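**Student:** A single structure is presented below for examination.
Values quoted throughout were computed directly from the atomic coordinates according to the rules given, and no laboratory measurement underlies them. Keep in mind it's a predicted model, so treat the numbers as computed, not measured. Positions of Cβ are backbone-derived with ideal geometry, glycine not excepted, and every protein chain shown enters the neighbour counts.
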């Protein structure tokens, strides 16, 4: 085992993006689950449209918006699509909750074990730096994550190779010696294409994407990271 | 009005991708609508992942697969996701139907009117050349479409600027003198960013994307194309 660092995706992997459903349900009774699913889908959609429509410039896409703004736009689209009233106080409440998403239950323990082993830990996320900083601290992960890397400075979202390449600016290790961990199948695929060793945390028991290579490892929750080091 | 050519998206715009739902319902009772929606979503997903993960090479993405193969992979994913039996004869039947999708009712009349006015007509599609050729002929559009342009030769899908740029290799007109017509909000957005004059045919009465510029025109079906020329 030559893995020198574990790099985690943030949204969906460390932080539960669907945990927002409870507040959404309270604000819009009967629609909470549907809101959280479409909100997430549109958020991902928008990162792709922006990066794909203008991927070539050295200074990043001219259509770039921060992930925070995209998240807000995706919420507004979702409420309009479901013909729900986007009351400013509701939007603010949902965005405020998004800033402090619930982490998955097993995550702190896994991060603690990695630190005890002396493994470098990092986040690589589409999220804006401020979002990530708030999420990490409110989840009590500040001392457990060595580097928080946002794609924001290069204005290109994952799965563009430049986004994954940011890891090398911070962590001097070969691609295959970095374990990239994501619960998002598309992210695990993009990272595998990029050349990282990869773990797909398949929390929802979904089939893997029907294109491209499979990730190096698959598991049902984040504890699978530790198994990778134990075998 | 200086529009010299009308360029149509194919899938969702000229051809009804959800018309496949009836056959899907027959093969998988109770699941037809869900299959056609997820199948379409995954198909679009895969075009984006492939192009976004490797957009820079002069010869196109090394991860490129034809739209036909992507469509098949997206169907296999969909059936697995819903835990349905992907019997080869069912898959073949659905793919066969996909090759000959139903055109929307008003489309032939609109294309005929454009031809009578001497307007150049074209398709620009992510679809493979063979798929497009079969779809155009089985819809009776062969004499009504002057140019069928597939992104296949450049191995990059829409909304990459290279894909929209293919139009210029065939139709010598300025961007703003080309009316690009799509029922897909993301495609209308990508084409607007590219610089075409655009019409979004909002067949499903959806909100427009909450990022980027609005298209030049919006309408409920393809007859809106003729209104653009009449005002």
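**Student:** Along the Cα→Cβ direction, 7 angstrom out, place labels at residue A:175 and residue B:138. What is the inter-label distance in nm?
**Tutor:** Distance between the two pseudo-spin positions: 3.9 nm.
**Student:** So what's the range A:1-136 giving for Rg/Rh, alpha carbon basis, Kirkwood Rh from the mean inverse pair distance? Each step should come with its number before you reach the end.
**Tutor:** Working: Rg = 16.9 Å, Rh = 16.4 Å.
Computed over Cα atoms, the ratio is 1.03.
**Student:** Specify whether the C-alpha gyration tensor of the range B:60-131 places it in the rounded, prolate or oblate class, a ≥ b ≥ c being the square roots of the eigenvalues: rounded for a/c under 1.5, otherwise prolate if a/b is larger than b/c and oblate if not.
**Tutor:** Oblate shape, in that a/c is at least 1.5 and b/c is the bigger or equal ratio.
**Student:** Who wins for biggest fluctuation among A:34, A:122, A:163 in a Gaussian network model of chain A, springs between alpha carbons below 10 Å?
**Tutor:** For chain A, modelled as a Gaussian network with Cα springs under 10 Å, the answer is A:34.
**Student:** Of the peptides A:110-118, B:10-18, A:212-220, how do they stack up when ordered by the mean number of other Cβ atoms within 10 Å, highest first?
**Tutor:** Answer by packing, highest mean first, reads B:10-18, A:212-220, A:110-118.
**Student:** First measure r as the distance between the Cβ atoms of residue B:115 and residue A:33, then evaluate 1/(1 + (r/R0)^6) with R0 = 60 Å and state the FRET efficiency to the nearest 0.05. Kindly include the intermediate steps, with their values, before the conclusion.
**Tutor:** Values: r = 48 Å, r/R0 = 0.80.
That pair, residue B:115 with residue A:33, gives E of 0.80.
**Student:** Ok, one more. Between copies, how far apart are the residue A:227 label points? List them in nm, one decimal, shortest first, with each point 7 Å from Cα toward Cβ, please?
**Tutor:** In nanometres, ordered from closest: 5.7.
**Student:** Right, something else. Sorted from fewest to most neighbouring beta carbons within 10 Å, what does the list A:174, B:25 look like?
**Tutor:** A:174, B:25
**Student:** Continuing with this model, one more query. Please check: in the Gaussian network model of chain B (C-alpha springs, under 10 Å), which one of B:204, B:65, B:176 has the largest mean-square fluctuation.
**Tutor:** Taking springs between Cα atoms under 10 Å, the residue moving most is B:204.
**Student:** How much length would be gained if the chain were fully extended between residue B:81 and residue B:168, taking 0.36 nm per residue of separation minus their Cα-Cα distance, in nm to one decimal?
**Tutor:** Length gained, residue B:81 through residue B:168: 27.3 nm.
**Student:** Tell me the mean residue ellipticity at 222 nm calculated for chain A from its helices only (DSSP H runs of n ≥ 4, each -39500 (n - 2.57), averaged over every residue, nearest 500).
**Tutor:** Helix-only estimate at 222 nm: -13500 deg cm²/dmol.
**Student:** For residue A:213, place a label point 7 Å out from Cα along the Cα→Cβ vector, do the same in each other copy, and report the separations in nm, one decimal, smallest first.
**Tutor:** Spacings between copies for this position, smallest first, are 4.1 nm.
**Student:** Now for a separate question. Give me the number: length gained by fully extending residue A:204 to residue A:218, i.e. 0.36 nm times residue separation minus the C-alpha to C-alpha distance, one decimal in nm.
**Tutor:** So the chain would gain 3.8 nm between residue A:204 and residue A:218.
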